[in-house]
Amino acid sequence: MINGMTRAKIAVSLPAQQVAAVKRMVQEGKAASVSGYVEKALAAHLEDDDLNAWLERRLLASGGPMTDEERAWADAALGH
């Protein structure tokens, strides 16, 4: 977290099973707090959304989605 970042308190509704799982993570010391866990999960999701939006813009600028051949080349280049 950036020092001095403004925080806002909100209320959200989640499935009871998810809440119980996060509380277990806190009890087991795998997360500092429920709020901290949710904050990290949300930050990761927002980062993924930003990356997906960037990739979509780049693909559109370069002619559209990858072809099967381009995807195969990329997979081979990445060792997948």
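Please treat every number below as a calculation from the coordinates, not as lab data. This is a predicted model, so every value here is computed, not measured. Ideal geometry is used to build each Cβ from the backbone, glycine not excepted, and the neighbour counts take in all protein chains shown.
Using only side-chain charges placed at the Cβ, +1 for Lys and Arg and -1 for Asp and Glu, the dipole size of the chain relative to its Cα centre rounds to 660 debye. Relative to the longest principal axis of the Cα atoms of the chain, the long axis of helix 68-77 lies at roughly 70 degrees. Counting only alpha carbon atoms, the long axis of helix 16-27 and the longest principal axis of the chain meet at about 70°. Dipole of the chain computed with +1 at Lys/Arg Cβ and -1 at Asp/Glu Cβ about the Cα centre; of Leu59, Leu46, Ser35, farthest Cα towards the positive end is Ser35. Rounded to the nearest 10 degrees, the inclination of helix 34-61 to the longest alpha-carbon principal axis of the chain is 20 degrees.
Along its three principal directions, the equivalent ellipsoid of the chain from the Cα gyration tensor extends over semi-axes of 37, 18, 13 Å, largest first.
Full extension of the chain segment joining Glu39 with Val19 gains 5.8 nm, where the gain is 0.36 nm per residue of separation less the Cα-Cα distance.
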